[in-house]
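Peer 1: Below are the structure tokens for one structure; questions will follow.
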Amino acid sequence: MRPNSPIKTPAPRTEQIILFRVSGQLFAVSSASVQEVRGVDSLSGAAKEISQPTLHKVKHVVRRGENSVYVVNAAMHFGLPPAPPALVFVLRRTRTALLIDGIEKMASMTRLQALPLAFCHEERGWYRGLTALDQSVVPVVKPDGFLTPDELFLLDASLSREADAEAIRIAEENAQDGIDTSIAQ
């Protein structure tokens, strides 16, 4: 008779995450959802101001090919005290870039807990769940939870209005230049 072989338990599935800080608070995001990390200074030439009075968390937009990527201030999004951001996460498969204070470290997450019922409002859309790391509970953000479809619609409409106003201004300048040229002749 052969002895029973020990039952192998499968290794827990792990996910690489980036721990980052916003106004002193620690958050996590899947490293697979971050397309690139940039310094805030690198956006200064590429970012265009956008005015949407009902959405204070978005002040800038960056054109990336055919798409507009909206820059979300994470401190304002989470309702935290303002802090000067140092880095920008450009999030994959979204139209969002996220202003953060800094990166804490990379880690492996083996378990994602469901959100407790205390998370009962809009924040349920912000987080995938909670994870425990180094004796701390850390919220894991949803990359697509920073801008709702309605907010994206408002931002796109605002961008379209600004483009239309710019086109009208240029057309009026060109028309005025034509009048000035004919008067000079």
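We did not get these values from a lab; they are worked out from the coordinates using the rules stated. Just so you know, these numbers come straight off a predicted model, no measurement behind them. Cβ: placed from backbone, ideal geometry, glycine included. Neighbour counts: every protein chain shown.
Peer 1: Could the peptides 114-121, 16-23, 33-40 be put in order, highest first, of the mean number of other beta-carbon atoms found within 10 Å of their residues? Could the numbers behind the result be given before it?
Peer 2: Details: 114-121: 10.1, 16-23: 19.4, 33-40: 14.4.
Answer by packing, highest mean first, reads 16-23, 33-40, 114-121.
Peer 1: What shape does region 75-185 take by its C-alpha gyration tensor, where a ≥ b ≥ c are the square roots of the eigenvalues and a/c under 1.5 counts as rounded, a/b above b/c as prolate, and the rest as oblate? Walk me through the numbers before you get to the answer.
Peer 2: Values: a/c = 4.15, a/b = 2.96, b/c = 1.40.
Since a/c reaches 1.5 and a/b is larger than b/c, the shape of region 75-185 is classed as prolate.
Peer 1: Okay, next question. Suppose R0 equals 35 Å; then what is the FRET efficiency for E15 and S44 from their Cβ-Cβ distance, rounded to the nearest 0.05? Walk me through the numbers before you get to the answer.
Peer 2: Numbers: r = 33 Å, r/R0 = 0.95.
Computed FRET efficiency for E15 and S44 comes out at 0.60.
Peer 1: If you count, for each residue, the other Cβ atoms within 10 Å and average over each peptide, how do 146-154, 97-105 line up from highest to lowest?
Peer 2: Numbers: 146-154: 15.3, 97-105: 18.6.
Descending mean neighbour count gives 97-105, 146-154.
Peer 1: Still on this structure, I have one more. Provide, for the chain, the number of lysine pairs with alpha carbons under 27 Å apart, each pair being eight or more places apart or on different chains.
Peer 2: Details: K48/K57; K48/K59; K48/K142; K57/K105; K57/K142; K59/K142; K105/K142.
Lysine pairs meeting the criterion: 7.
Peer 1: As I understand it, the value is the acute angle between the Cα axis of helix 149-184 and the longest principal axis of the Cα atoms of the chain; what does it come to in degrees, rounded to 10?
Peer 2: The helix 149-184 is inclined about 20 degrees to the chain.
Peer 1: Among (i) 180; (ii) 130; (iii) 151, which is the computed volume of the Cα convex hull per residue in Å³?
Peer 2: Only one option fits the structure, namely (i).
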